[in-house]
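First comes the structure, then the notes that go with it.
The values are calculated or read from the model by the stated rules, or taken from the named source; none is laboratory data. This one's a predicted model, so the numbers in the text were calculated from it and none came from an experiment. Glycine gets a Cβ as well: all are built from the backbone with ideal geometry, and neighbour counts include every protein chain shown.
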Amino acid sequence: MSYLSLGKLKKRFKNEVVLDGASLDVERGETVVVFGPSGCGKTVLLRLIAGINEPDSGTVHIAGQEVTYLAPEHRDVGMAFQNFALYPHLSAFDNIASPLSARGVARGEIERRVHEVAGLLKIDHVLHHLPKALSNGQKQRTSLGRALAGNPGVLLLDDPLRNVDAKLRYEMRLELPRVLKAFETTVIYVTQDYKEAMALGDRVAVLMGGGFRQVDRPASIYKDPDGTDVARLFGDPTVNLVPGTIEGGTVTALGARFPLAVSLADGPCQIAIRPESITVTLDEATSAGATPVDLGIGEDTHAVPVELDAVTPLNVRAVMLLRTADGRELLATCSEDEASRLPRGHGRGHAHIRAADLLLFDPAGRRVRPGERQ
């Protein structure tokens, strides 16, 4: 059995079913990020693992022991909340030490553990401060330190970076994996930020519709989503979804025919195209003698006539709004250096798309992979 095992958990509040048979296995020392839209039950799941709430049915096992109905203090679980939940009358030191003090740990050992955790989290210089004197970043680290100080077998993190500024959020995405690996604890991390999920998780568990829609490595979920509902959750800008028609080993979409590497029955389908998979050239460039190969696009691409409607900077990349001949909108991305050579207004050109970059789904939105049949 995995170190943390959730078996068919169900939970409803009045007439609302929040979890409906959610199952998940997490190995010792693994960080799994539970990711999904607002209201999908992420925090409820943590509360069931922690023992704050009881499930209507299903089981929770930790280290091979069923703890479904054990009190929180008997579960070897630590938890950090998005609102910090610090004791306002205690210093940062005493907040971190509070779970150890409650268990009667010797003072010398408390001193050692608190300073060890504070050093890893880089807050040892503010241990004597009350919460009101701490920045939000220091409060967040103090809350995390309190959860880690007891060296729990399972650490539950409820969107802990939600209430900190963008700079600190970026820094903590880099620091947290180092801190968590140092404690070798098993982590369930909840977030609504797909970038956070991709950065922090050994695996990402997508929670939707009361259960886990897909559980896989971050890169695998991004490149190979199980459905259009999952594909839409990852990416900024979001994935392009367009209708297509399968016929004789090819799929027709956006006025182009793409060869298929899958064996499928003829009929309608849905196609997802990531914005970064679209390369745009303007007619002025190609008419001047350049070819797709000259532009580094490759011979296996298919050109779709488009009109460039707008170019918008987005950090180190730019987003292009394209419009096909039939009026369909597409989003594409490019580097800001490439964007600087594009007109800000309208321009005619081509969107070059490789058949290998198409993500194919059946009409119901379920992923179809090589070797599968409808």
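Evaluate the stretch 151-166: report whether one residue or more is crowded, with 20+ Cβ neighbours inside 10 Å, in contact with a helix residue (DSSP H, G or I) (Cβ under 9 Å, 6 or more places away or on another chain) and over 19 Å from A197 (Cα atoms). The answer is yes; a qualifying residue exists. K10 fulfils the conditions (1) in a strand (DSSP E or B); (2) within 19 Å of L200 (Cα to Cα) except for a single criterion, (2). The residues of the stretch 168-200 that are assigned to a helix (DSSP H, G or I) and either aromatic (F, W, Y) or out of contact with any helix residue (DSSP H, G or I) (no Cβ under 9 Å at 6 or more places or on another chain) (or both), listed by number, are Y170, K181, F183, Y194.
Evaluate the following for V215: is it β-branched (V, I, T), touching a helix residue (DSSP H, G or I) at 6+ places or on another chain (Cβ under 8 Å), assigned by TED's automatic domain parsing to the domain that holds V17 and at pLDDT 95 or above? In short, no.
Listed by position, the strands (runs of 3 or more DSSP E) enclosed by the stretch 24-113 that each have at least 2 residues that are surrounded by fewer than 18 Cβ atoms within 10 Å (Cβ to Cβ) are 57-62. Being closer than 17 Å to T252 by Cβ and surrounded by 14 or more Cβ atoms within 10 Å (Cβ to Cβ) is the filter here, so list the residues in the stretch 323-349 that pass it. Within the stretch 323-349, T324, R328, L330 qualify.
Hey, among the residues in the stretch 255-276 that are surrounded by fewer than 19 Cβ atoms within 10 Å (Cβ to Cβ) and of a type outside the set (A, V, I, L, M, F, W, C), which one's modelled with the lowest pLDDT? Only one residue fits best here, namely S263. The set of residues in the stretch 343-365 being of a type in the set (A, V, I, L, M, F, W, C) and outside any helix (DSSP H, G or I) consists of A351, I353, L358, L359, L360, F361, A364.
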